[in-house]
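What follows is a short report on a single structure.
The values are calculated or read from the model by the stated rules, or taken from the named source; none is laboratory data. Just so it is clear, the structure is predicted and the values come from calculations on it, not from any experiment. A quick note on method: Cβ atoms are made from the backbone with ideal geometry, for glycine too, and the neighbour counts reach across all protein chains shown. Protein only, heavy atoms only, side chains kept; ligands, DNA and RNA dropped before computing areas. Shrake-Rupley method; radii C 1.70, N 1.55, O 1.52, S 1.80 Å.
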Amino acid sequence: MVVIKAFGQVKEQVGMGEFRIEEEMQNVKSLRTYLSDKYPAISWSSVAIAVNKQYAQDQDPLHQGDEIALIPPVSGG
Amino acid sequence: MVKIVDTIDLNKLYKDLVHPAAGGLCLFVGTVRDNTESKEVTDLFFETYDEMAILEMEKIRQEAIEKWKLEKVIMVHAIGKKSVGEPVVVVGVSSAHRKEAFPACQFLIDELKKTVPIWKKEYFTDNSHWVSPTP
């Protein structure tokens, strides 16, 4: 199980700010595949993924209870 | 000091930056502009991933401290709905001389815009949309 937080545009597109995925995910790449299948309308290539509040790469492993964030292009300032 | 706040108090931030060894303070204040690409903007709404935004701002702050000789460094971003003219972000440094202060201040705001998980939504008279960063 991992907890997913969504922000900005992505939050509106998935329709919730926080949800859980019960399926086992090996790494960030497998999470991306899962999300692309579930939400094909989102352009995932422009969405960064953070694991436990750090920007993550595709090969980074996921663990039970990780806090994942879906980060669309940032626009602070 | 890095912070996410509801409302920016410029007087307070000025006091936070003052330091006896500093002869110069440089602050950048980002405010709500009333237009974008010739469309009238009424308000901006800011959302953050608070805990991560603080971590990312702290990384930038530390990088600035390593690059320049600075006395104080602050980065503050506001959240929620802000109207035209209101401050939404302040970055600032104090240093012995202006030579360090100007580039350090520019570095802080440029880096903040690249990596810190904060998003803004523009409200127009007829609709609204999430902003994509300026290329």
Practice item. Provide the per residue accessible area, probe 1.4 Å, for the protein assembly as shown, rounded to a whole number of square angstrom. Key: 52 Å²
Check your understanding: Among all the aspartates and glutamates, which ones have a C-alpha under 12 Å from B:Lys114's C-alpha, if same-chain residues fewer than 8 places away are not counted?
Key -> B:Glu56
Point to revise | Nearby aspartates and glutamates by direct alpha-carbon distance to B:Lys69 (threshold 20 angstrom, same-chain neighbours under 8 apart not counted) | key: B:Asp16, B:Glu58, B:Glu100, B:Asp110, B:Glu111
Review point. Distances over 19 Å make up what percent of all Cα-Cα pairs in chain A?
Key: 26 percent
Review point. Considering only chain A, what is the antiparallel percent among its DSSP beta bridges, to the nearest 5?
Key: 75 percent
**Study point:** Interface size A-B, as summed buried accessible area [1.4 Å probe, Å², nearest 100]
**Key:** 1900 Å²
Review point. Add -39500 (n - 2.57) for each DSSP H run of 4 or more in chain A, then divide by its residues: what number comes out at 222 nm, to the nearest 500 deg cm²/dmol?
Key: -6500 deg cm²/dmol
Check your understanding: If the cut-off is 18 Å between C-alpha atoms, which aspartates and glutamates fall inside it for B:Lys121, apart from same-chain ones fewer than 8 positions away?
Key -> A:Glu12, B:Asp6, B:Asp34, B:Glu37, B:Glu40, B:Asp43, B:Glu47, B:Asp50, B:Glu86
Exercise for review: Would you mind finding the longest exposed-site-free stretch of chain A, with exposed GluC sites (Glu not before Pro) meaning DSSP loop and at most 11 other Cβ atoms within 10 Å?
Suggested key: A:25-77
